[in-house]
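The values are calculated or read from the model by the stated rules, or taken from the named source; none is laboratory data. Everything numeric here is computed off the predicted structure, so don't read it as measured data. No Cβ is skipped: glycine too gets one built from the backbone with ideal geometry, and neighbour counts run over all protein chains shown. All accessible areas refer to the heavy atoms of the entire protein, side chains included, with ligands and DNA or RNA removed. Shrake-Rupley method; radii C 1.70, N 1.55, O 1.52, S 1.80 Å.
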Amino acid sequence: MQQFFVKPEQIEEHTIYIGGADVNHMKNVLRMKPGEDLRVNSGEGKTYLCCVSSYEDDRALLDILKVMDSDTELPSRIVLFQGLPKGDKMDWIVQKAVELGAYSIVPFAAKRSVVKLDEKKAAKKQARWQAIAKGAAEQSGRSMIPEVKNAVTFAEALELSEDLDILLIPYELEEGIKETARVIDTIRAGHSVGIFIGPEGGFEEEEVELAKKAGVYPVSLGKRILRTETAGLTVLSILMYRLEIL
């Protein structure tokens, strides 16, 4: 069932209205007709089962059929710190990270990052990634839209992680998957977790040492070297499974 996000002020006692680009998407892309059902979420822990009532001017009016508690979020706040990759890989990473339950995504420039964003390009990229996050949150039934931050330096990313409980950095030179399992097993509901993923080529040793000094725990993801677009999603998948069976 299609889901849309709205602001709390768009919700009335028995009616919700949708405006902006979402109306065009409903009418001309999804071709939703009056009487069709959909879900609406305001990011405040409630999901509204609605049906399209009518289209008036530049907005859609929805009748509220049922109000339900949202239960699609992980019990922990997981932040993906992603080294800027080449091409459109970041689009894929953002989309899948949102589907897997990431709370927010922080792109950063590492020493081996090929992509160098100036201020103007960075703003355009961030807006694009945020739009992708919104679409992925709607598709996957999330009850909130994860924020994609503006791209920062690696040092700034480490500063942003200071308030998180557990910090992990998968590193290809790290050995011992059993130790990784032990660390993962210490994560409990309510813990906040940061995952640092390097760009193509991985992290330089001095970056890993800097991360260690900041309290980041280096871990292994096994005997194979994973691509940058695979590594973060692997950790997110493991954490999603871990947290949802607790």
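Key figures for this structure:
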quantity: Complete set of residues in the range 21-37 that are part of a loop (DSSP other than H, G, I, E, B) and in contact (Cβ under 8 Å) with a residue 12 or more places away in the chain; calculated: L30, M32, K33, P34, G35, E36
quantity: Subset of the range 216-246 that is open to solvent by 50 Å² or more (accessible area, probe 1.4 Å), over 25 Å from G87 (Cβ atoms) and outside any helix (DSSP H, G or I) - its residue that is modelled with the highest pLDDT; calculated: Y217
quantity: Residue match in the range 159-167 (condition: free of Cβ contacts under 8 Å to residues at least 24 places away in the same chain and open to solvent by 60 Å² or more (accessible area, probe 1.4 Å)); calculated: yes
quantity: Residues of the range 1-20 satisfying the condition of being in a loop (DSSP other than H, G, I, E, B) and either over 26 Å from the mean Cα position of the chain (by Cα) or closer than 15 Å to K134 by Cα (or both); calculated: Q2, V6, K7, E12, E13, H14, G20
quantity: Answer from V106, V98, V114 - the residue that is part of a helix (DSSP H, G or I), touching a residue at least 40 places away in the same chain (Cβ under 8 Å) and of a type in the set (V, I, T); calculated: V98
quantity: Check on K96, surrounded by fewer than 17 Cβ atoms within 10 Å (Cβ to Cβ), basic (K, R) and under 30 Å from N150 (Cβ atoms); calculated: no
quantity: Filtered residues of the range 100-121 (kept if over 10 Å from A151 (Cα atoms), touching a helix residue (DSSP H, G or I) at 6+ places or on another chain (Cβ under 8 Å) and buried (at least 18 other Cβ atoms within 10 Å of the Cβ)); calculated: L100, G101, A102, A110
quantity: Candidate set: the range 186-206, residues that are over 11 Å from R112 (Cβ atoms) and in contact with a helix residue (DSSP H, G or I) (Cβ under 8 Å, 6 or more places away or on another chain); chosen: the one surrounded by the fewest Cβ atoms within 10 Å (Cβ to Cβ); calculated: A189
quantity: Among residues of the range 103-124, those that are in contact with a strand residue (DSSP E or B) (Cβ under 8 Å, 6 or more places away or on another chain) and under 21 Å from G87 (Cβ atoms), counted; calculated: 11
quantity: From the options V52, V67, residue that is without any contact (Cβ under 8 Å) to a residue 40 or more places away in the chain and surrounded by 14 or more Cβ atoms within 10 Å (Cβ to Cβ); calculated: V52
quantity: Flag for A181 being open to solvent by less than 80 Å² (accessible area, probe 1.4 Å) and either free of Cβ contacts under 8 Å to residues at least 24 places away in the same chain or in a loop (DSSP other than H, G, I, E, B) (or both); calculated: yes
